[in-house]
1. Determine, yes or no, whether ALA144 is of a type in the set (A, V, I, L, M), modelled with pLDDT of 95 or more, within 19 Å of TYR47 (Cα to Cα) and part of a helix (DSSP H, G or I).
2. Looking only at the stretch 190-215, which residues are touching a Lys or Arg at 6+ places or on another chain (Cβ under 9 Å) and over 24 Å from ILE124 (Cβ atoms)?
3. When you scan the stretch 1-116 for strands (runs of 3 or more DSSP E) that lie fully inside it, which ones turn up with 1 or more residues that are under 18 Å from CYS222 (Cβ atoms) and at pLDDT below 75?
4. What single numbered condition from (1) of a type outside the set (A, V, I, L, M); (2) surrounded by 12 or more Cβ atoms within 10 Å (Cβ to Cβ); (3) modelled with pLDDT of 90 or more; (4) under 28 Å from ILE43 (Cα atoms) fails to hold for ARG125?
5. Does ASP170 meet the test of being more than 20 Å from LEU73 (Cβ to Cβ), within 18 Å of the chain's Cα centre (by Cα) and either among the charged types (D, E, K, R) or surrounded by fewer than 13 Cβ atoms within 10 Å (Cβ to Cβ) (or both)?
6. Are any of the residues in the stretch 135-149 touching a residue at least 40 places away in the same chain (Cβ under 8 Å), surrounded by 14 or more Cβ atoms within 10 Å (Cβ to Cβ), touching a helix residue (DSSP H, G or I) at 6+ places or on another chain (Cβ under 8 Å) and acidic (Asp, Glu)?
7. Restrict the check to the stretch 165-178 and report whether at least one residue is within 21 Å of LEU105 (Cα to Cα), outside any loop (DSSP other than H, G, I, E, B) and among the polar types (S, T, N, Q).
8. Give me the pairs, please: first residue somewhere in the stretch 177-206 and acidic (Asp, Glu), second residue anywhere and surrounded by fewer than 19 Cβ atoms within 10 Å (Cβ to Cβ), beta-carbon distance under 7 Å, and either six or more positions apart or on two chains.
Amino acid sequence: MRNLLLFLLLYSFSLPAEVNRSLRRSDIAPQLKSAAPVLQQAIALIYQTGVGQQQKADIEELRRQGKIKLRPLRKGHYGESGEGCVIKNKHYFYEGLFVLLKQDLKAPELASSLVHEVNHYQMIRQAIAGQNETMTIAYLEVNAYAKQYEFIQALENLKLADSANLFGEDGPRALDIMRSAFFAMTFSDPSAYERTLKKLVAFGYPARELKRRLLVRSAQDCKGEVK
(Lines give C-alpha, C1' and ligand atoms only; values in the text may rest on other atoms or scores of the structure.)
Protein backbone atom coordinates (compact mmCIF):
# COMPACT_ATOMS: atom_id res chain seq x y z
CA MET A 1 0.00 0.00 0.00
CA ARG A 2 1.39 3.38 -0.97
CA ASN A 3 1.72 6.16 1.56
CA LEU A 4 -1.57 7.80 0.63
CA LEU A 5 -4.48 8.69 2.83
CA LEU A 6 -8.02 8.86 1.60
CA PHE A 7 -10.14 11.75 2.82
CA LEU A 8 -13.75 10.71 2.55
CA LEU A 9 -17.09 10.75 4.31
CA LEU A 10 -19.84 8.43 3.07
CA TYR A 11 -23.43 8.00 4.15
CA SER A 12 -25.90 5.17 3.75
CA PHE A 13 -29.22 6.49 2.53
CA SER A 14 -29.92 10.23 2.51
CA LEU A 15 -27.14 12.78 2.78
CA PRO A 16 -27.48 16.16 4.50
CA ALA A 17 -27.36 19.14 2.18
CA GLU A 18 -24.37 20.56 4.03
CA VAL A 19 -22.17 17.46 3.64
CA ASN A 20 -18.48 18.21 3.06
CA ARG A 21 -15.26 16.19 3.17
CA SER A 22 -14.61 16.27 6.90
CA LEU A 23 -16.17 15.23 10.16
CA ARG A 24 -15.60 16.88 13.52
CA ARG A 25 -14.55 13.85 15.48
CA SER A 26 -14.78 15.70 18.78
CA ASP A 27 -18.53 16.15 18.17
CA ILE A 28 -19.03 12.41 17.69
CA ALA A 29 -16.90 10.76 20.34
CA PRO A 30 -19.12 11.44 23.38
CA GLN A 31 -22.11 9.83 21.62
CA LEU A 32 -20.46 6.58 20.56
CA LYS A 33 -21.65 3.31 22.01
CA SER A 34 -19.72 0.10 22.25
CA ALA A 35 -20.91 -3.08 20.56
CA ALA A 36 -24.43 -4.00 21.66
CA PRO A 37 -26.19 -7.37 21.45
CA VAL A 38 -28.14 -6.20 18.39
CA LEU A 39 -24.84 -5.50 16.59
CA GLN A 40 -23.61 -8.97 17.46
CA GLN A 41 -26.88 -10.38 16.09
CA ALA A 42 -26.46 -8.31 12.92
CA ILE A 43 -22.94 -9.56 12.32
CA ALA A 44 -24.09 -13.14 12.89
CA LEU A 45 -26.72 -12.60 10.18
CA ILE A 46 -24.10 -11.23 7.80
CA TYR A 47 -21.89 -14.28 8.22
CA GLN A 48 -24.71 -16.62 7.16
CA THR A 49 -24.57 -15.24 3.61
CA GLY A 50 -22.10 -15.40 0.75
CA VAL A 51 -21.83 -11.61 0.83
CA GLY A 52 -20.93 -11.80 4.49
CA GLN A 53 -18.20 -14.33 3.89
CA GLN A 54 -16.68 -11.93 1.34
CA GLN A 55 -16.64 -9.21 4.00
CA LYS A 56 -15.81 -11.28 7.07
CA ALA A 57 -12.07 -10.53 7.19
CA ASP A 58 -12.69 -6.78 6.99
CA ILE A 59 -15.52 -6.83 9.52
CA GLU A 60 -13.36 -8.77 11.97
CA GLU A 61 -10.51 -6.32 11.46
CA LEU A 62 -12.84 -3.40 12.20
CA ARG A 63 -14.23 -5.19 15.27
CA ARG A 64 -10.75 -5.79 16.66
CA GLN A 65 -9.97 -2.10 16.25
CA GLY A 66 -13.23 -1.07 17.89
CA LYS A 67 -14.17 0.85 14.74
CA ILE A 68 -17.82 -0.25 14.40
CA LYS A 69 -19.94 1.95 16.64
CA LEU A 70 -23.61 2.68 17.26
CA ARG A 71 -24.91 6.20 17.68
CA PRO A 72 -28.20 8.12 17.37
CA LEU A 73 -28.18 9.31 13.76
CA ARG A 74 -30.64 11.77 12.31
CA LYS A 75 -33.84 10.67 10.58
CA GLY A 76 -33.08 9.18 7.20
CA HIS A 77 -29.52 8.21 8.16
CA TYR A 78 -28.68 4.58 8.81
CA GLY A 79 -24.90 4.48 8.56
CA GLU A 80 -21.87 6.65 8.03
CA SER A 81 -18.23 5.87 7.37
CA GLY A 82 -15.02 7.68 6.64
CA GLU A 83 -11.33 7.15 6.08
CA GLY A 84 -8.23 9.26 6.40
CA CYS A 85 -8.15 12.92 7.37
CA VAL A 86 -10.79 14.40 9.63
CA ILE A 87 -10.92 17.79 11.31
CA LYS A 88 -10.38 17.75 15.06
CA ASN A 89 -9.91 20.90 17.12
CA LYS A 90 -9.33 22.89 13.93
CA HIS A 91 -6.45 20.65 12.86
CA TYR A 92 -6.19 17.87 10.30
CA PHE A 93 -5.97 14.55 12.05
CA TYR A 94 -5.56 11.05 10.60
CA GLU A 95 -8.37 9.02 12.10
CA GLY A 96 -8.34 5.90 9.97
CA LEU A 97 -11.54 4.17 9.03
CA PHE A 98 -14.62 4.36 11.24
CA VAL A 99 -18.15 3.04 10.77
CA LEU A 100 -21.10 4.56 12.60
CA LEU A 101 -24.48 2.79 12.51
CA LYS A 102 -27.87 3.96 13.74
CA GLN A 103 -28.38 2.49 17.18
CA ASP A 104 -32.13 1.81 17.10
CA LEU A 105 -32.21 -0.40 13.99
CA LYS A 106 -33.45 -3.97 13.98
CA ALA A 107 -30.77 -6.61 13.44
CA PRO A 108 -31.49 -7.19 9.68
CA GLU A 109 -31.51 -3.41 9.08
CA LEU A 110 -28.28 -2.97 11.01
CA ALA A 111 -26.73 -5.89 9.14
CA SER A 112 -27.55 -4.49 5.71
CA SER A 113 -26.31 -1.03 6.71
CA LEU A 114 -23.02 -2.54 7.86
CA VAL A 115 -22.70 -4.47 4.58
CA HIS A 116 -23.16 -1.14 2.74
CA GLU A 117 -20.45 0.60 4.78
CA VAL A 118 -17.98 -2.27 4.60
CA ASN A 119 -18.40 -2.31 0.84
CA HIS A 120 -17.29 1.34 0.91
CA TYR A 121 -14.33 0.30 3.06
CA GLN A 122 -13.26 -2.40 0.62
CA MET A 123 -13.41 -0.01 -2.32
CA ILE A 124 -11.58 2.70 -0.38
CA ARG A 125 -8.75 0.26 0.25
CA GLN A 126 -8.58 -0.43 -3.49
CA ALA A 127 -8.27 3.30 -4.15
CA ILE A 128 -5.54 3.75 -1.55
CA ALA A 129 -3.66 0.79 -3.00
CA GLY A 130 -3.82 2.42 -6.42
CA GLN A 131 -6.05 -0.26 -7.91
CA ASN A 132 -8.84 2.18 -8.75
CA GLU A 133 -8.02 5.85 -8.29
CA THR A 134 -10.74 7.31 -10.51
CA MET A 135 -13.83 6.36 -8.52
CA THR A 136 -16.54 8.92 -7.97
CA ILE A 137 -18.74 9.09 -4.88
CA ALA A 138 -21.62 8.08 -7.16
CA TYR A 139 -19.84 4.88 -8.16
CA LEU A 140 -19.10 4.05 -4.53
CA GLU A 141 -22.74 4.53 -3.57
CA VAL A 142 -24.23 2.59 -6.48
CA ASN A 143 -21.84 -0.28 -5.82
CA ALA A 144 -22.66 -0.31 -2.10
CA TYR A 145 -26.42 -0.22 -2.70
CA ALA A 146 -26.08 -3.10 -5.16
CA LYS A 147 -24.21 -5.14 -2.55
CA GLN A 148 -26.81 -4.23 0.06
CA TYR A 149 -29.60 -5.48 -2.21
CA GLU A 150 -27.72 -8.73 -2.87
CA PHE A 151 -27.35 -9.22 0.88
CA ILE A 152 -31.02 -8.54 1.66
CA GLN A 153 -32.06 -11.00 -1.04
CA ALA A 154 -29.81 -13.60 0.55
CA LEU A 155 -31.45 -13.00 3.94
CA GLU A 156 -34.88 -13.42 2.38
CA ASN A 157 -33.86 -16.65 0.69
CA LEU A 158 -32.75 -17.93 4.10
CA LYS A 159 -36.04 -16.68 5.60
CA LEU A 160 -34.10 -14.44 7.99
CA ALA A 161 -35.67 -11.16 6.91
CA ASP A 162 -38.54 -9.64 4.95
CA SER A 163 -37.51 -6.69 2.79
CA ALA A 164 -41.06 -5.30 2.97
CA ASN A 165 -40.58 -4.68 6.69
CA LEU A 166 -37.18 -3.00 6.63
CA PHE A 167 -36.40 0.70 7.26
CA GLY A 168 -39.95 1.83 8.00
CA GLU A 169 -41.34 4.54 5.74
CA ASP A 170 -37.99 4.85 3.94
CA GLY A 171 -38.08 1.17 3.04
CA PRO A 172 -39.86 1.18 -0.34
CA ARG A 173 -37.73 4.00 -1.79
CA ALA A 174 -34.50 2.61 -0.35
CA LEU A 175 -35.21 -0.87 -1.71
CA ASP A 176 -36.03 0.61 -5.11
CA ILE A 177 -32.61 2.31 -5.15
CA MET A 178 -30.91 -0.93 -4.12
CA ARG A 179 -32.72 -2.92 -6.82
CA SER A 180 -31.90 -0.33 -9.46
CA ALA A 181 -28.24 -0.26 -8.37
CA PHE A 182 -28.02 -4.05 -8.43
CA PHE A 183 -29.37 -4.15 -11.99
CA ALA A 184 -26.98 -1.40 -13.10
CA MET A 185 -23.91 -3.12 -11.64
CA THR A 186 -24.85 -6.70 -12.54
CA PHE A 187 -25.52 -5.93 -16.20
CA SER A 188 -23.11 -2.98 -16.57
CA ASP A 189 -26.08 -0.96 -17.84
CA PRO A 190 -25.26 2.77 -18.26
CA SER A 191 -28.91 3.79 -18.50
CA ALA A 192 -29.76 1.89 -15.31
CA TYR A 193 -26.77 3.52 -13.65
CA GLU A 194 -28.02 7.00 -14.59
CA ARG A 195 -31.52 6.15 -13.36
CA THR A 196 -30.04 5.05 -10.06
CA LEU A 197 -28.19 8.36 -9.71
CA LYS A 198 -31.41 10.27 -10.29
CA LYS A 199 -33.09 8.20 -7.59
CA LEU A 200 -30.22 8.93 -5.18
CA VAL A 201 -30.59 12.67 -5.79
CA ALA A 202 -34.36 12.46 -5.26
CA PHE A 203 -33.67 10.60 -2.01
CA GLY A 204 -31.44 13.38 -0.69
CA TYR A 205 -27.91 12.89 -2.05
CA PRO A 206 -26.49 16.20 -3.36
CA ALA A 207 -25.80 15.83 -7.09
CA ARG A 208 -22.57 17.77 -6.78
CA GLU A 209 -21.28 15.42 -4.08
CA LEU A 210 -22.10 12.36 -6.17
CA LYS A 211 -20.00 13.73 -9.03
CA ARG A 212 -16.97 14.29 -6.81
CA ARG A 213 -14.00 11.98 -7.25
CA LEU A 214 -12.25 10.43 -4.29
CA LEU A 215 -9.76 12.82 -2.78
CA VAL A 216 -6.45 11.20 -1.85
CA ARG A 217 -4.15 13.18 0.43
CA SER A 218 -0.51 12.56 1.30
CA ALA A 219 0.52 12.06 4.93
CA GLN A 220 2.00 15.56 4.89
CA ASP A 221 -1.35 17.04 3.84
CA CYS A 222 -3.01 15.42 6.84
CA LYS A 223 -1.21 17.62 9.35
CA GLY A 224 -1.41 21.18 10.53
CA GLU A 225 -4.16 23.72 10.91
CA VAL A 226 -7.23 23.76 8.72
CA LYS A 227 -6.94 26.55 6.15
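The values are calculated or read from the model by the stated rules, or taken from the named source; none is laboratory data. Remember, it's a predicted structure, so these values are computed and weren't measured experimentally. Counting neighbours? That spans all protein chains shown, and the Cβs are built from the backbone with ideal geometry, glycine included.
1. Working: of a type in the set (A, V, I, L, M): yes; modelled with pLDDT of 95 or more: yes; within 19 Å of TYR47 (Cα to Cα): yes; part of a helix (DSSP H, G or I): yes.
Judged against the criteria, ALA144 is a match.
2. Matches in the stretch 190-215: ALA202 only.
3. On the way: elements: 4-13, 68-71, 77-83, 85-88, 91-94, 98-102.
Filter on the stretch 1-116 gives 4-13, 77-83, 85-88, 91-94.
4. (3)
5. Working: more than 20 Å from LEU73 (Cβ to Cβ): no; within 18 Å of the chain's Cα centre (by Cα): yes; either among the charged types (D, E, K, R) or surrounded by fewer than 13 Cβ atoms within 10 Å (Cβ to Cβ) (or both): yes.
It is false that ASP170 is more than 20 Å from LEU73 (Cβ to Cβ), within 18 Å of the chain's Cα centre (by Cα) and either among the charged types (D, E, K, R) or surrounded by fewer than 13 Cβ atoms within 10 Å (Cβ to Cβ) (or both).
6. Looking through the stretch 135-149, at least one residue is touching a residue at least 40 places away in the same chain (Cβ under 8 Å), surrounded by 14 or more Cβ atoms within 10 Å (Cβ to Cβ), touching a helix residue (DSSP H, G or I) at 6+ places or on another chain (Cβ under 8 Å) and acidic (Asp, Glu).
7. Residues of the stretch 165-178 within 21 Å of LEU105 (Cα to Cα): 165-178.
The next check asks that each one be outside any loop (DSSP other than H, G, I, E, B); those that pass are 165, 168-178.
Right, trim to among the polar types (S, T, N, Q) and you get 165.
Looking for residues that are within 21 Å of LEU105 (Cα to Cα), outside any loop (DSSP other than H, G, I, E, B) and among the polar types (S, T, N, Q), one finds at least one in the stretch 165-178, hence yes.
8. That search, which allows pairs on different chains as well, returns ASP189/PHE183.
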